[in-house]
Amino acid sequence: MEGLNRDQPASLTPYFWSPGWNSNQSLQKFQAEVDGPLKGGPAGVRLIQSTKRGAARKASQSHLELAPENWLLVPRYRVHGSEELSVQTDEIAELAGAASIALGPVDAKSLDVVAGDGLILTHAGISLSLEVIIIQRVANRCVGYSVGYQTTLGLEAGMQVTLEKDPSWRRREPLLIATDKTRPSPLLTDRGGANA
């Protein structure tokens, strides 16, 4: 009923259980030797290391140098569109929308783009023109790209790319200005007064 929880990579083992055993007691059945590594290989990277003084955080992030013209690609997953089956159905593909790239407001201003504009992303022979989305949480010098879309399959997290504004980009939706007035007319705001 619970499924066979055996012969899989340790990183994919959701729990340790064996018939007739409590989970703490059954752990030794999944180890290569008592108090040794798991049979399926290492379960992953340990982020917090236990020491005699308490927990110590491991510093695994190294500093990355970017050339002035380069930007760092980071993945941007979407509920609809990023996993392999969601775009196989027309209705869900419509919800997913088109692939895009996300920039923070400071970087968007430096590139002189607004939401809905197009940017040409270039890396080692790959050249894509994608719509810009402005998101506050995107870090400076980083570009979030839509993962799982047909147009972005050649992109990988960690790539360094160059960006330039696409002069031939056509917006999907027009950029509309609702009014050119800076404040409402007194005639429209004074109801029942001398102007009525």
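The values are calculated or read from the model by the stated rules, or taken from the named source; none is laboratory data. Everything numeric in this text was worked out from a predicted model, so none of it was measured. With ideal geometry, Cβ positions are generated from the backbone for all residues, glycine too; neighbour counts draw on all protein chains shown.
Residue count for the stretch 88-107 satisfying the condition of being in contact (Cβ under 8 Å) with a residue 40 or more places away in the chain and surrounded by 14 or more Cβ atoms within 10 Å (Cβ to Cβ): 6. Yes or no: residue 72 aliphatic (A, V, I, L, M), assigned to a strand (DSSP E or B), in contact with a Ser or Thr (Cβ under 8 Å, 6 or more places away or on another chain) and more than 30 Å from residue 9 (Cα to Cα)? Criteria not met by residue 72. Residues of the stretch 47-63 that are modelled with pLDDT under 70, in a loop (DSSP other than H, G, I, E, B) and basic (Lys, Arg): 58 alone. Restricting the first member to the stretch 28-52 and to residues that are at positive phi, and the second to residues that are part of a loop (DSSP other than H, G, I, E, B), the beta-carbon pairs closer than 7 Å and six or more apart or on different chains are 41/9.
In the set (1) within 18 Å of the chain's Cα centre (by Cα); (2) at negative phi, residue 97 fails one condition alone, (2).
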